[in-house]
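Okay, structure first, notes after.
The values are calculated or read from the model by the stated rules, or taken from the named source; none is laboratory data. All values derive from a computational prediction rather than experimental measurement. For neighbour counting, all protein chains shown are included, and Cβ atoms are generated from backbone atoms with ideal geometry for every residue, glycine included. Calculation scope for accessible area: heavy atoms of the full protein, side chains included, ligands and nucleic acids excluded. Shrake-Rupley method; radii C 1.70, N 1.55, O 1.52, S 1.80 Å.
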Amino acid sequence: MGIRLHAVSHVYQSINQPPFEALKNVSLTIQATDEFIALVGETGSGKSTLVQHFNALMAPTSGEAQLFDVTLTAETFKDKKIKKTPIRKRIGLVFQFPEYQLFEETVLKDVAFAPKNFGLSEEAAIQKAKDALRLVGLDESFEARSPFHLSGGEKKRVSIAGILAMEPDILVLDEPTSGLDPKSQEMLMDVFTSIQNRTHTSIVFITHDMNWVERYAKRVLVMKAGSLVFDGTPHALFQRPELADWKMDVPDRFKVMQYLKTHHSFKDPVTTPDELIDAIIREGQS
Amino acid sequence: MKNIVIGRYIPGDSFLYRMDPRVKLIALFLLFVAVFVIDELWVMVGALAGILVLLPLGKISIKKVYFGLRPLLFLLIFTFVFQILFNTQGRLLTTLVLDFDPLNVSLAGLIFIAWFYGKRWTSFTFLSFLLALAAILTVLSQVTFLRSFGGYTIAIYEEGLFFAVFILLRLVIIVTLSTILTITTKPTDLNLGLERVLKPLKIVKVNTEEIAMIIGISLRYIPTLLDEANKIILAQASRGVDFQEGKFKEKIVQIISLLVPMFIISFQRSDELANAMEARCFVPGKPRTRLNQLTWKPLDTFVLVVSLVLMVASIGVRILW
Ligand SMILES: Nc1ncnc2c1ncn2[C@@H]1O[C@H](COP(=O)(O)OP(=O)(O)OP(=O)(O)O)[C@@H](O)[C@H]1O
Ligand SMILES: [Mg+2]
């Protein structure tokens, strides 16, 4: 088993504001192989806070997080003998904002930073970095450039490559597609899929776009105000009446069907594009 | 990192919050002068007592002020120890002869280890450290089991002790007073207060509005930048940087991996801020009106008079005593 959270709550303490409970009693299990999970929920619902528990960046205020063979609680987190770095090697987390991590002079060096930290030799790390950059669609011409002079989307790709290069067992991505054009978004999602097909890496990604959820995810987690309110397949999610309450959209395809149902009194439920085309043809003939 | 108080405004309500920012600044200045003028230990102790009364009256928890002092703890201890060890003026008060023999050194070591591992269970790290230190010194000076292999004499002189305590108190009072100011004053009010207080300097062609704005913005952005630093640390930790460990060379890389994004983000923030200000037609040096006008209340007169009296009194004590 990869990640198992048991009754995890997280309270943000700060001196000039009252304590804020960003996670409430969240329990979930994520297998170490072949998971493809979308984590969704409205802004501020605690998604980023949750994923930072996945790789031991944050400790549960109460409850426990079992990350591979290490169990973290509020107490054991402080124990310096329990090393967090090996966990972070196995569970790679790409942050929402690339600005917080890019710092080397060149893109290549920056991407090689993580593998080097995790004990690879200089040459091996550079090789991994090159491979990762090709994966996210940045060619050789980018390698010598300064990461600070890239566009937002390119920075995002560099930060993703930076984690891909360390080849984690579980790959966690905080809004990997935000700030990218639709084509690049699709390309990146395909990259993740092909990585999974090749290495059986489990993948968790945060997104606000239901089309990606429907197309790529095998499983969806829905957060609302710090609680995990749904854990199941995308298909089951889109049938749920609470969707609007969770501030969630349905994929465009569902909207089209909804429209056809109400305005053209389509009767047959359709779920795949082919069925939809068939239904339209049938409807047109009758 | 999260609990650093410097420059942070903490919402609340008490007479300290209701005071005019101008008065707070002037009072702070007067009290600073007073604290620097004082040269009698008992007056300094009195001043500290006064502040300890002021805090609960102003509904500021001592814990928050302590958080404000904490980043300076090292500096405070350093000056204290430095004075005690190296100031050899005045009467010799006492000497502490430390005698090192294998047994008492290991005993002292044990006490230190006990403190080191025990400190997790107490929230009074600093206090327990002092206790442990006292115990270690006692063991080293009083108990000799075997033949000693060396010794060191700590001689404490009157002046040394006096200045050690004195400077410690002075630093604590100054930091506490400034912390009270930033805790109870909104950055905008502080800015406005500064601008008004510095206004007389305009006569000598100093651009007081800009100075006030610079100070105000800096104070406002300290907590923001600390939050950013925290996020950077997490992002780099994700990439295998272990900020708690590492040899010297690794430490340097760690610091660079924190500082570079920090600079970039600071410049970005200031760029954004400049744009936002220009988008709202901010022109440096142009006269501006305010949404909230400052109002002078009887409380302000009272506080001003009290601070003035305190300052004059401390000058008086200095001259006459
Ligand atoms: N350092 C912090 N201190 C206090 N509160 C915080 C802190 N970080 C986040 N929060 C609060 O915790 C809640 C959850 O934040 P989080 O970043 O996990 O949300 P999110 O679901 O990732 O949102 P988004 O979709 O906008 O990225 C928010 O309401 C936020 O205000
Ligand atoms: Mg987020």
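Kindly state which helices (runs of 4 or more DSSP H) lie completely within segment B:1-95 and contain at least 3 residues that are surrounded by fewer than 17 Cβ atoms within 10 Å (Cβ to Cβ) and within 14 Å of chain A (Cβ to nearest Cβ).
Passing ranges, in order: B:62-69.
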State the number of residues belonging to segment B:217-263 that are of a type in the set (K, R) and facing chain A (nearest Cβ under 8 Å).
2
Heads up, the helices (runs of 4 or more DSSP H) in segment A:171-243 (entirely inside) with at least 3 residues that are within 15 Å of ligand 1 (Cβ to nearest atom) are A:210-216
I'm trying to understand the selection: among the residues of segment B:214-233, which are buried (at least 18 other Cβ atoms within 10 Å of the Cβ) and farther than 30 Å from B:K63 by Cβ?
none
Output the number of residues of segment A:228-241 satisfying the condition of being more than 16 Å from ligand 2 (Cβ to nearest atom) and open to solvent by less than 60 Å² (accessible area, probe 1.4 Å).
7
Selection within segment A:195-211 - in contact with a Pro (Cβ under 9 Å, 6 or more places away or on another chain), of a type outside the set (S, T, N, Q) and in contact (Cβ under 8 Å) with a residue 40 or more places away in the chain
A:F205, A:I206, A:M210
From A:Y100, A:Y12, which residue is modelled with pLDDT under 95 and buried (at least 23 other Cβ atoms within 10 Å of the Cβ)?
A:Y100
Selection count, segment A:36-58, where residues are away from ligand 2 (no atom under 11 Å from the Cβ) and small (G, A, S):
2
Among strands (runs of 3 or more DSSP E) entirely within segment A:27-123, at least 1 residues that are more than 15 Å from the chain's Cα centre (by Cα) and within 16 Å of ligand 1 (Cβ to nearest atom) occur in A:62-67
Residue check: is A:E21 away from ligand 1 (no atom under 12 Å from the Cβ) and not assigned by TED's automatic domain parsing to the domain that holds A:G232?
no
Hey, A:G162 hits all of (1) assigned to a helix (DSSP H, G or I); (2) of a type in the set (G, A, S); (3) more than 30 Å from B:E245 (Cα to Cα) but one; which does it fall short on?
(3)
The one condition B:V241 fails out of (1) free of Cβ contacts under 8 Å to residues at least 40 places away in the same chain; (2) closer than 30 Å to B:G50 by Cβ; (3) of a type outside the set (K, R) is (2)
If you check A:T71, A:T33, A:T61, which single one turns out to be within 14 Å of chain B (Cβ to nearest Cβ), more than 16 Å from ligand 2 (Cβ to nearest atom) and out of contact with any Leu (no Cβ under 6 Å at 6 or more places or on another chain)?
A:T61
Residue selected from segment A:1-26 under the condition small (G, A, S) and part of a strand (DSSP E or B), by the criterion nearest to A:A74 (Cα to Cα):
A:S9
Looking at B:L294 and the list (1) part of a loop (DSSP other than H, G, I, E, B); (2) open to solvent by less than 60 Å² (accessible area, probe 1.4 Å); (3) more than 19 Å from B:F29 (Cβ to Cβ), which single condition is not satisfied?
(3)
Condition first: open to solvent by 50 Å² or more (accessible area, probe 1.4 Å), assigned to a helix (DSSP H, G or I), out of contact with any Phe, Trp or Tyr (no Cβ under 9 Å at 6 or more places or on another chain) and within 14 Å of another protein chain (Cβ to nearest Cβ). Can you find one or more residues in segment B:269-281 that meet it?
yes
Would a scan of segment A:175-185 turn up a residue that is within 16 Å of ligand 2 (Cβ to nearest atom), touching a residue at least 60 places away in the same chain (Cβ under 8 Å), buried (at least 24 other Cβ atoms within 10 Å of the Cβ) and closer than 24 Å to B:I232 by Cβ?
yes
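With respect to B:Y157, is the statement that it is surrounded by 13 or more Cβ atoms within 10 Å (Cβ to Cβ) and in contact with a strand residue (DSSP E or B) (Cβ under 9 Å, 6 or more places away or on another chain) true?
So B:Y157 fits the description; yes.
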Is there any pair linking a residue in segment B:306-320 that is of a type in the set (D, E, K, R) to one that is surrounded by 14 or more Cβ atoms within 10 Å (Cβ to Cβ), with Cβ under 8 Å and at least six apart or on different chains, and which?
B:R318/B:V37; B:R318/B:I38
Answer yes or no: is there a residue in segment B:235-252 that is of a type in the set (V, I, T), on the phi < 0 side of the Ramachandran plot and open to solvent by 50 Å² or more (accessible area, probe 1.4 Å).
yes
Which count do you get for residues in segment A:130-141 that are open to solvent by less than 30 Å² (accessible area, probe 1.4 Å), assigned to a helix (DSSP H, G or I) and in contact with an Asp or Glu (Cβ under 8 Å, 6 or more places away or on another chain)?
1
